[in-house]
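All remarks here apply to the structure that follows.
Every number in this text was worked out from the coordinates using simple rules, so none of it is lab data. Small disclaimer: the values here were computed from a predicted structure and weren't measured. Note that each Cβ is placed from the backbone with ideal geometry, even for glycine, and that neighbours are counted across all protein chains shown.
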Amino acid sequence: MENKNFQTITVSIFGFFLLLGVIIFATQRTSTGEKIINISMWGIPDEQSFEKVANEIGSNENTKFKIQYKQLTEDNFDTELIEAIASGVGPDAIILPQDKILKYENKILPIPFSNFSERNFRDNFVEGSEIYLTSDGILGFPIMIDPLVMYWNRDILSSSGIVKPLMYWDEIYSMGKKITEKDNSQNLKRETIALGEFTNIKNSKEIISALIMQSGNSITEKNSDKVESVLTKKINSLIFPAESALRFYTEFSNSSKEMYSWNRALNSSLQEFLAGNLAFYIGFSSELAGLREKNPNLNFDVAKLPQIRDNKTNKTFAKMNAIAILKSSKNTADAIKIVGYLINDEAISLFSKEFNLPPVKRTLLLEKQTDAYKTIFYDSAIIGRAWLDPSPQETGLIFKDMIENVTSGKFRINESIDRANLEIQNLMPK
């Protein structure tokens, strides 16, 4: 009996100190007596890198805060987050990728323009980040942008008598004649560019997206609060942008065409580039470090994604990440305050350096760069665009079918686009 009483008292004392510890942690104060605010945040970006930036900003005398950050993988992001929100144990905020805006829009607390004006948002952040704007306010404040660029093999171009990389897509025809090499059986020994297939081309969905957007089609459009697929939209009675883009893309895997440069039997585009067999590799700015690490001897450089000649506006695809506050948060006031700290110039500059990405704020992109790679990345961030994607994995499969239905001869180009347009529309929130 005495032992039982002793256990009860011990548990009570332990519980008291545990509760006290929670209270102290939740109400930490600085030496001046100011409360240190705390929130929880989940996201896909690297935990160590994110916490390094958050801790540096949060330790400033005027911006004291703590973030309990949890890193999720791309594969488990949706499952874990949706289950946590449904169970009432979700985070206060998330780092929202641009391709998950539609999926989580009804779970996000929009920040009214009365708190942060639309004019202020447009003046501060790159144009591509306006995808986070709605009629109700701001769904997320961008902290990172990762534009699609073109890496090129300097040795291949030099040996082919080419002095500079592609600037416009129409230059690929003359360059391909000098670069592409085949054996007597017409097997590719050296490739100009990886276009025409889907499965063995890294970033294939983003590449075809960029081509379609460059052609003048936004893929999806938001009218009032309704998002629609517009792949079949025409500029006028003569121009069908998505059809032009898909025809150009698929011709590179057609062995009967003069620009034939790729097929599904090859290794991935990344592997071919690293092996020194591919002249032009289309990848993201974030891939630079990996390319250097995987083949330190590869003599390569970087350029902006080629554009359509005489187009009035230049575009490339860009991935983006923004901080969004969940409606389910019980700590919205502190979350809003911390978001303000994480989007100032100092914080965005730190995110840029830590993640090796161009900054997402206009003022920081104006800073002159001595690094040759950064110059290209900064210029590409300015023209980076994305589209409202209802379901990234499913639309990836739709794009795959759209391309392979053409390359296999199963459907004509316009039929394949009609089919893809309908399938994307069926994924839209009702």
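Numbers below:
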item: Percentage of interatomic Cα-Cα distances in the range 355-396 larger than 17 Å; result: 43
item: Charge tally in the Cβ shell below 10 Å around Leu72, where Lys, Arg are +1 and Asp, Glu are -1, Leu72 excluded; result: -4
item: Distance histogram for the range 60-114 (every C-alpha pair counted, 10 angstrom bins, percent rounded to whole numbers); result: 17, 48, 26, 9
item: Translational diffusion of the range 38-196, µm² s⁻¹ [Kirkwood Rh, Cα pairs; Stokes-Einstein; 4 °C; 1.567 mPa s]; result: 65
item: For the range 149-211, alpha-carbon Rg over 2.2 N^0.38 Å; result: 1.19
item: Nearest-ten-degree value, helix 241-250 long axis tilted from longest Cα axis of the chain; result: 70
item: Three-way shape label, the range 92-137, alpha-carbon gyration tensor, a/c 1.5; result: oblate
item: Separation of alpha-carbon centers, the range 114-175 and the range 45-89, rounded to whole Å; result: 26
item: Within the chain, helix-based [θ] at 222 nm, where runs of 4 or more DSSP H residues each add -39,500 (n - 2.57), nearest 500; result: -12000 deg cm²/dmol
item: Spherically averaged projected area in nm², based on the convex hull that wraps the Cα atoms of the chain; result: 27.9
item: Phi-based couplings in Hz for the range 413-430 (Karplus 6.51, -1.76, 1.60; Gly and Pro marked x); result: 4, 5, 5, 5, 5, 4, 5, 5, 4, 5, 5, 5, 4, 5, 8, 5, x, 7
item: Charged-residue dipole, Cβ positions (Lys, Arg, Asp, Glu), the chain about Cα centre, Debye nearest 20; result: 420
item: Size of charge dipole - the range 171-214 - debye, nearest 20, with Cβ of Lys, Arg +1 and Asp, Glu -1, no other charges; result: 100
item: The chain: relative contact order in percent, alpha carbon pairs under 8 Å with at least 6 residues between; result: 25
item: Fluctuation leader among Ala303, Ala86, Ala245 - the chain, Gaussian network, Cα springs under 10 angstrom; result: Ala86
item: Distance cut-off 28 Å, percentage of C-alpha pairs in the range 297-430 lying past it; result: 44
item: Over the range 264-336, equivalent-ellipsoid semi-axes from the Cα gyration tensor in Å; result: 36, 20, 12
item: Charge dipole of the chain about the Cα centre (unit charges at C-beta), most positive-ward option of Thr375, Asn115, Val163; result: Val163
item: Sequence-distant lysines (8 or more away, or on other chains) whose Cα lies within less than 23 Å of Lys234; result: Lys205, Lys222, Lys226, Lys312, Lys315, Lys400
item: Selected from Gln48, Thr79, Leu238, residue furthest toward positive end of dipole (the chain; charges at beta carbon); result: Leu238
item: Over 16 Å [Cα-Cα, the range 186-288], rounded percent; result: 62
item: Table column - 3J(HN,Hα) (Hz), the range 35-46, Karplus curve with 6.51, -1.76, 1.60, x for Gly and Pro; result: 5, 8, 7, 10, 9, 10, 8, 10, x, 8, x, 3
